[in-house]
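Report on the following structure.
Please treat every number below as a calculation from the coordinates, not as lab data. What you see is a predicted model, and the numbers here were worked out from it, not measured in a lab. Here Cβ is always computed from backbone atoms with ideal geometry, including for glycine, and neighbour counts include all displayed protein chains.
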C-alpha cells in the first residue's frame, strides 16, 4: 500500500468531514424535532450555568454540610454507562461472537458520549472552572498518585481517547472501503476492557478511600459500582439498537439483543446481591454507622426526603432483574424494554441520589441537612444530558450509514461527479 | 488532723511526680515567688481598708454584716468560713493564710492556692485561666480575682453570641 | 513509529508549556521566594484598592523547632461563642454568606461526646445550660491529614510547623477535601464573600486570613498571621473562661506539653488515625 502523503490525508479527512456534516444535516421531521428539543435543553442549561458562574455555586442546594450533590451523582452514574461498552466487547472480541461483533462500535460511541457528559458534569461542579488547567501538567500540577481524582482524570481521558481512536479509525476506514487495521484496533479494544473496569474502579475508589464517610468507606463499593455499571449502560444500548433496527435498514440479530439482556440479568443479580450484603452488614452489626443507611431507606427523625427514592430504586432493580432473568420476558420486546427502562431508572436513582447524598447525610459532625437539587441544577444537568444525547445522535447519523455501506467515499465522489 | 496530713502527703507526692516528669514544678505555696500580675481590682475608694478599720476594734464574732459591706454576699464555703478567715482581723490591708502569715492583696493567689492547690499549680503552668501575651515570649498572669469574684467565685451564666445560620437551599 | 514531524511538534509544544509556566501563575507550594514577594506586593496593592486601608500581607515562614498544638478544656467551655466571632473578625471571614471556621456543639452530659446527638444551633438566653457541655470544633491540623492527600491540584498541604494551609489562588473548588475531612472543618465560598466596610483586619498572611475569592475552600489556620509572629490565636485570647490553650508541642515547658502530660486528654475520631494536633482535655 503506497504511503499516503500529507496532502492526501488532508483531502481524505476533508472528504470524510464534509460527508459527515452532510449526513448530520439530512433528516426527517422526527430527527429535526429531536435535535430541536435537545437544542432547547442545551440553551436552557447554558443559561442556567451562566447564572451559576455569575453568582457562585450557591445557586445549587449544596452547602458545607452536603458539599457534593446532583452533579457528582450524575457524573458517577455516567462513568458506569461509559464502562458498559465492555459488556459488548468481551463477547465480541474475547469470545469472538459474531452477532455482537458488528455492534461493538455503538458501545464505543456510547462510551464517548458518556465520558463527554462526565467531563462536563465535573466542569460545572467545580468552584473555579476558569482554573481547570491547574490539573494539566506542565501548566498545572496533577497530584498523582496521591489523589484519586488525579487518577480519575487520567483514566477517564485515556479511556475516552482509546474509544475515540478506535471508533474513528473503524468508521474512517469503512468510509474508504477499507478494513480496519487489526494490528491497531484489536489491542486497543482489548485494552479497553481492563480500562472500562479501571475507570469505574477508580471512580469507586474516589469515595471508598475517604475514612471520614463511613457509608462510602466500604470495600464493597468498587464491585458494586461495576455490577450496576454493567446493567445500566447496556440498557441504553438495547433501546438504541432496537430503534436503529426499526428506523434504519440496519440488521441486528435477535440473538445479540437477547445475549446482552442475559448478561445484564447476571450483572443486576450481582448488583442486588452486593446491596443486600451491604444492608446485612449495616443492620446486623448495628453500629453508629447504620445511621447513613437508615437515612436512605427509612429516614432519620423527621428527615424523610430520600426514602421514596430508595424504595423506588429497589423496586425498579428487582423488576428489571425479574424481567431479564426469565427467557420468556427477555424474548418479548415489550417486557424487554420495560426491563431496560427499569434498569436505567433504578441504577440512576441508586447512583445519583442513593450514593452521594446518604454518604454525606448526616455530615461528619452529625448534622442532617436534607439536600435535593434546585431548578438550576436540574436545568444544567438536563443541558449536559442533551449535549451527550446530541453527540450520540450525530455520531450514529454518520456511523449507521457507514456500517451499512451507504456512506462511502467512492459513492460520495461519484455523486459529486454526477452533480457537476 | 490525719486527713490533713494525708492530703499534704498526697500533694507532696504530686509535686515529686511533677519534678520527675521533667516539667518544672511550680513553686509550692510556702515559697513566695514574685510574679508579674496586674494590680488587684479594688472597688473605687475601698483601699486602704485601714482608713476606717484602724480606728475600729476588731469584732471576731461570726455574724452577718449590717452596718457596712452589705453589698458583699458571701457564697464561698460560707457554711464554714466568714470574712476574717481570709481578711486579717488586726490589719485589714492584708489577707492571711491558715498559718496566720500575712499575704498582700497583690499576692492573693497564695491564699487561693491554699485550698485550690491543683488549680493553683495549673495557673502557674498557664493552663488555668486566661493567658495573654505571646506563646513565644513574654507571658503574663492575671490574678485569680481578675476573673473570679473572691466572695462569689462561681461564674455567672452569660448570654451566648448568636447561633450560626442553618444551611438554606436559597441563598439569593 | 514516531515521525520526525510529530517529535518536533511535541517538542515545540513542551517548550511553550515550560515558558508559559515560567511566566504564568504557579502554585505557591513551589514558588521561589522572590515570586512570593512579588505576589504579596500585588495582593497588598489590590486589597488596598478594594478596602481603602493600608494592608500588610506577611509571608512569614515556619519557625524552626516549632510544631503548633492546641488544647481545649471542655470542663471550662461554656458555649458563649466569643471565639467564633473573634475568629470571624480576625480572619476576614465572609459575613454574608456566613462562614464560621469554629463551630460549637452543645452536648448532653448524660450522652458524653456523641456527635449524633449534638446541636450547633443552641440559642438559650444564657449558657451554660444545665446538664450540657460544649465542644468547639475547627481544623484539627492533623499530622496525617486526609484532606491534603486527596487534593487533585496540590493546592493544600501541611507546613513544617504543622499548619495545614490552602493556596487560595490555586484551589479549583472541587471540594474533594471537604468530603475527606472527618471534622467538617473546611468551608466553601458558595458565593462572593462579603466583609462589611471598615471591618477588615489589615494584618494578613498570604496563606491565612487574606480575603478569599468566590469558589474556593478555606479553614482555620491557627491564626497563621499571629502564631508565626509569636502571638496567641484570636480565639485563645478572647475566651472569657480561659478554656483555650496554644503553643509549641516541641517545647517541653509549654502549656501544651503540661496539659498532655498531666491532664486527661482526648482527640476526636482517634480511630481514623488522622493524628490531630488539637487536643480536648478535662482540667478538673
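Could you sort the peptides C:175-182, A:178-185, A:274-281 by per-residue average Cβ neighbour count (10 Å cutoff), highest mean leading? Let's see the in-between values first.
Values: C:175-182: 24.2, A:178-185: 11.8, A:274-281: 14.5.
Listed from highest to lowest mean packing, they are C:175-182, A:274-281, A:178-185.
Using just the Cα positions, wrap chain A in a convex hull and report its mean projected area in square nanometres, one decimal place. Walk me through the numbers before you get to the answer.
Working: hull surface 92.4 nm².
Dividing the Cα hull surface by four gives the mean projection, 23.1 nm².
Roughly how crowded by other chains is peptide C:242-251, in terms of the mean Cβ count from those chains within 10 Å of each of its Cβ atoms? If you can, show how the numbers build up before the last one.
Working: counts 11, 2, 2, 6, 2, 5, 2, 0, 0, 2.
Averaged over the peptide's residues, the number is 3.
How many Cβ atoms of partner chains, on average, are near each residue of C:123-130 if near means within 10 Å of its Cβ? List each step's numbers first, then the result.
Numbers: counts 6, 4, 4, 5, 5, 4, 2, 1.
For peptide C:123-130, the averaged partner shielding equals 4.
Order the peptides B:92-99, C:139-146, A:165-172 from the highest to the lowest mean number of other Cβ atoms within 10 Å of their residues. Walk me through the numbers on the way to the answer.
Values: B:92-99: 15.8, C:139-146: 21.1, A:165-172: 19.0.
Per-residue Cβ counts within 10 Å, averaged per peptide and sorted highest first, yield C:139-146, A:165-172, B:92-99.
Quick check: the distance between the Cα centres of the range B:97-162 and the range A:184-224, to the nearest angstrom?
59
How long are the three semi-axes of the equivalent ellipsoid of chain C, in whole Å, if each is the root of 5 times an eigenvalue of the C-alpha gyration tensor, listed from largest down?
Details: eigenvalues 282, 95, 73 Å².
The three semi-axes for chain C are 38, 22, 19 Å.
Taking the protein assembly as shown on its own, what percent of its Cα-Cα pair distances exceed 48 Å? Each step should come with its number before you reach the end.
Values: 146170 of 383250 pairs.
Percent of Cα pairs beyond 48 Å in the protein assembly as shown: 38.
Under the definition of partner shielding as Cβ atoms of other protein chains within 10 Å of a residue Cβ, what is the mean value for peptide B:121-129? Walk me through the numbers on the way to the answer.
Working: counts 2, 9, 1, 1, 8, 9, 12, 7, 5.
Mean shielding by partner chains, rounded to a whole number: 6.
Taking all pairs of different Cα atoms in the range C:208-262, averaging 1/r and flipping that mean, what Kirkwood radius in angstroms comes out?
It is 13.0 Å.
Along its principal axes, what span do the Cα atoms of the range A:234-345 show, with the longest given first and each in whole Å?
For the range A:234-345, the Cα extents along the three principal axes come out at 58, 24, 18 Å.
Across 5 Å bins from 0, what is the distribution of all Cα-Cα pair distances for the range A:70-224, in whole percents?
2, 9, 16, 20, 18, 14, 10, 7, 3, 1, 0, 0
Decide, for the range A:177-282, between rounded, prolate and oblate: order the square roots of the alpha carbon gyration tensor eigenvalues as a ≥ b ≥ c, take rounded if a/c falls under 1.5, and otherwise choose prolate if a/b is larger than b/c, else oblate.
On the way: a/c = 3.19, a/b = 1.68, b/c = 1.90.
Because a/c hits 1.5 or more and a/b fails to exceed b/c, the range A:177-282 counts as oblate.
Which number do you get for Rg(Cα) / (2.2 N^0.38 Å) in the range B:65-154?
Values: Rg = 14.7 Å, N = 90, 2.2 N^0.38 = 12.2 Å.
Compared with the compact-globule rule of thumb, the range B:65-154 sits at 1.21.
Relative contact order (percent) for the range C:68-282, with alpha-carbon contacts under 8 angstrom and 6 or more residues of separation? Please list the in-between numbers first.
Working: 418 pairs, mean separation 66.6, N = 215.
So the answer I get is 31 percent.
What order do you get for C:135, A:338, A:13, A:105 when you list them from fewest to most C-beta neighbours inside 10 Å?
On the way: C:135 20, A:338 15, A:13 11, A:105 24.
In increasing order of surrounding Cβ atoms, one gets A:13, A:338, C:135, A:105.
Test of understanding: extend the Cα→C-beta vector of residue B:74 to 7 Å, then name every residue of the range B:129-152 with backbone N under 14 Å from that spot.
Those under the cut-off are B:150-152.
Give me A:408, A:268, A:117 ranked fewest to most by other Cβ atoms within 10 Å of their Cβ, as a rough exposure proxy. Before the final figure, lay out the partial values.
Numbers: A:408 17, A:268 29, A:117 26.
Ordered by Cβ neighbours within 10 Å, fewest first: A:408, A:117, A:268.
Quick one: angle between helix A:70-83 and the longest Cα principal axis of chain A, in degrees between 0 and 90, rounded to 10, please.
50
For a test of the definition: using alpha carbon positions, the gyration tensor, and the 1.5 limit on a/c, classify the range C:70-168 as rounded, prolate or oblate. Could you put the intermediate results ahead of the total?
Working: a/c = 2.33, a/b = 1.68, b/c = 1.39.
It comes out prolate by the Cα gyration axes.
For the range A:1-62, what class follows from the C-alpha gyration tensor (a ≥ b ≥ c being the square roots of its eigenvalues): rounded when a/c is under 1.5, otherwise prolate if a/b is larger than b/c, else oblate?
On the way: a/c = 5.36, a/b = 1.92, b/c = 2.78.
Since a/c reaches 1.5 but b/c is at least a/b, the shape of the range A:1-62 is classed as oblate.
Using alpha carbons only, how many degrees (0 to 90, rounded to 10) separate the axis of helix A:182-208 from the longest principal axis of chain A?
The two axes meet at around 20 degrees.
Give me B:107, C:49 sorted ascending by neighbouring Cβ count inside 10 Å, so fewest comes first.
On the way: B:107 19, C:49 9.
In increasing order of surrounding Cβ atoms, one gets C:49, B:107.
Which order do the peptides A:354-363, A:223-232 come out in when sorted by mean C-beta neighbours inside 10 angstrom, highest first? The partial results should precede the final answer.
Values: A:354-363: 22.8, A:223-232: 26.3.
Put in order of decreasing packing, that is A:223-232, A:354-363.
Expressed as a whole number of Å, what is the distance separating the alpha-carbon centroids of the range A:303-325 and the range C:64-117?
Their Cα centres are 42 Å away from one another.
What relative contact order, as a whole-number percentage, does chain A give when Cα pairs under 8 Å and 6 or more residues apart are counted? Don't jump to the answer; show the numbers that get you there.
Numbers: 527 pairs, mean separation 118.7, N = 420.
Contact order relative to length: 28 percent.
Helix C:33-51 versus the longest principal axis of chain C: what is the Cα-based angle in degrees, 0 to 90, to the nearest 10?
Between helix and principal axis, roughly 70 degrees.
Can you compute the helix-only [θ] at 222 nm over the protein assembly as shown? Use -39500 (n - 2.57) per DSSP H run of at least 4 residues, normalise by all residues, nearest 500 deg cm²/dmol.
Numbers: 29 runs with 426 residues, N = 876.
Theoretical 222 nm ellipticity from helices: -16000 deg cm²/dmol.
Find how many whole Å separate the alpha carbon centroid of the range B:43-66 from the alpha carbon centroid of the range C:166-219.
That distance is 59 Å.
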